[in-house]
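The values are calculated or read from the model by the stated rules, or taken from the named source; none is laboratory data. Every value quoted in this text rests on a predicted model; they were computed, and no experiment measured them. Please note: Cβ atoms are built from the backbone with ideal geometry, for glycine as well, and neighbour counts cover all protein chains shown.
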Amino acid sequence: MKPTVSHTGASPSASDEFIPLPRRTVVLTMAGVMLAMFLGALDQTVVGTAMPRIIADLGGFDRYTWVTTAYLVSSTTVVPIVGRLSDIYGRKWFYVVGIAIFLLGSALSGLSQTIDQLILFRALQGLGGGVMIANAFVAIGDLFPATERGKYQGFIAAIFGLSSVVGPALGGFVTDTLSWHWVFYINIPLGVPVIALFVRYFPQSHRGGSRGSLDYLGMVTLVFCVVPLLLGLSWGGVVYAWASPQVTGALAVAALMGAIFVLVELRAASPIMPLTIFRNGVVSVSLAAIFLTGFGMFGAIIFVPLFFQGVLGSSATSSGSFLTPMMLGVVAGSVLSGQALSRLGGHYKLQSLAGLGIMAVGAFLLSRISAQTSYAQAVLSIVVLGLGLGTTFPPFTIAVQNAVPYRVMGIATSSTQFFRSIGGTLGLAVLGAFMTTRFDTHLAAALSPAIRQAMPPERLAELSSNPQALMSPGAIARLQGELAQLGPQGVALGQQLIAGLREALASAIGDVFLVAVAAVLAAWVITLFLKEIPLKGRSAAPPPSS
């Protein structure tokens, strides 16, 4: 008989203790979890290299970013909802249905005939992907006691990092070898065996509530808070101006619905996101640190390729590949950190501080970059950043899982993914706007009076607001050609202009990483207040294998 518990109870009970499972069940389920995690995370990156071909076939260049944004918004929004519902109903069937939705979205995306269809089906695919990613980290708590979770959380985080390495290359290979449609179709033969594994082996447990206590109003208000928030932050400074009605309206709706959501949750009998978990010091400190870490992490993912391409002159393809060393650092840091947690006594506070310290060093090294920085120096800096980032993944997740009762472990664990995504989205918005401002300032200081006299003011204003000329050899040639018409002096001015643009961009990116350093150091200071609780072990013998 499965133990049950009233989710209104405050004290721990037997249902809050880990119950071990047969080894065969654990091994096969873990294999399915890792493959599902890989598929869900892969589709956040695999489409990027296929997008030029997709746009060539379907058109809709003005909605280029929406194909990725639709997936990220829907997957992020569903994470906390599924985390809580899985506490109430159990993880198994949410996982199965989530994978099925993901595969349906994949098939429909591959069949898309217009860009609008693709955006819609990517959003559907993102719903399934969010379920898969949310449950991957939570499932470790179902399969292993807290004393052993570290090494397996490390493997899951490593799979997440590995997908970022494999995604762009796999997307390009599949697109060139078959077609962009197969970027989506390839998920189907990989996903169907995972469904079979989960139906047969994934443990079913629910200890958190009943069907009658479902918080529908909480779910609705959460969706209407998160979706406008993510859209507003994604649009700002990219699709629309920050002061535009679209951006300010979206952020205003998010703020209003966020306030209503809090009021709803305070009054709900069984809230979709129990606010009491945030009163737990371990949870609140961990989520604050994770939020700030996400702020710095997503900034690095965007601005590192920009540096290689715009400053060092790499091609678009090779500049993206320079993220690979960072993600390999993430993989190494995650695995080593997870192993250390399980083998060296579960000191998640010390490991979190160490990881954040290493990450801060990497971000500081990147803040020192210039147009004279070598490829080797830049790669070393991003490896250090990735190693520190990876080291932080398992400790914070383990800290949260170890601090809460089992009946709310799903929502608590999924909150770590949710806060990292929100922090990353905010980081992209803030750091992107900051970089544009700093580029304008640095370029104004870098341009000589002769260049200012030679170029029309409107052309200089265009360059100062957007360093796009550095992203394309053809654009650089056209820019130099404009000045070359002035004769020998114009050729020299053209070279000075390109050098000034590169130095200004390098300085602006360096300033961005100084902000990232500040965010990571703030996370380090917050982590000083993280209380270290001994990890929970096994509480019972495993049931006999069927």
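Answer with yes or no whether residue 377 is over 30 Å from residue 534 (Cβ atoms), without any contact (Cβ under 8 Å) to a residue 24 or more places away in the chain and assigned to a loop (DSSP other than H, G, I, E, B). Answer is no for this residue.
Here residue 113 meets the list (1) in contact with a helix residue (DSSP H, G or I) (Cβ under 7 Å, 6 or more places away or on another chain); (2) outside any helix (DSSP H, G or I); (3) not β-branched (Val, Ile, Thr) almost entirely, failing just condition (1). Pairing residues of the range 228-250 that are closer than 18 Å to residue 422 by Cβ and in the same structural domain as residue 68 (by TED's automatic domain parsing) with residues that are modelled with pLDDT under 85 and outside any strand (DSSP E or B), at Cβ distances under 9 Å and at least 6 apart in sequence or on separate chains, gives no pairs at all. In contact with a His (Cβ under 9 Å, 6 or more places away or on another chain), of a type in the set (A, V, I, L, M, F, W, C) and surrounded by fewer than 24 Cβ atoms within 10 Å (Cβ to Cβ), is that true of residue 111? Yes. Taken over the range 480-506, residues that are closer than 24 Å to residue 373 by Cα and at pLDDT 70 or above amount to 15. Within the range 163-184, if we keep just the residues that are surrounded by 20 or more Cβ atoms within 10 Å (Cβ to Cβ) and under 17 Å from the mean Cα position of the chain (by Cα), the residue that is farthest from residue 410 (Cα to Cα) turns out to be 168. Just one of the listed residues (398, 411, 422) is crowded, with 24+ Cβ neighbours inside 10 Å, in contact with a Leu (Cβ under 8 Å, 6 or more places away or on another chain) and part of a helix (DSSP H, G or I), and it is 398. The condition of being outside the structural domain of residue 391 (by TED's automatic domain parsing), buried (at least 22 other Cβ atoms within 10 Å of the Cβ) and modelled with pLDDT of 85 or more holds for only one of 199, 223, 131, 138, that being 131. Helices (runs of 4 or more DSSP H) fully within the range 254-356 that include at least 1 residues being more than 27 Å from residue 409 (Cα to Cα) and modelled with pLDDT of 85 or more: 323-343.
Of the residues examined, residue 293 is not one that is polar (S, T, N, Q) and without any contact (Cβ under 8 Å) to a residue 24 or more places away in the chain. Here residue 105 fits the description: closer than 23 Å to residue 168 by Cα and either of a type outside the set (A, V, I, L, M) or part of a helix (DSSP H, G or I) (or both). Looking only at residues in the range 62-109 that are of a type in the set (Lys, Arg) and within 26 Å of residue 31 (Cβ to Cβ), the one that is modelled with the lowest pLDDT is 91. Among the residues of the range 78-130 satisfying the criterion of being over 22 Å from residue 231 (Cα atoms) and among the basic types (Lys, Arg), which is farthest from the chain's Cα centre (by Cα)? My answer is 92.
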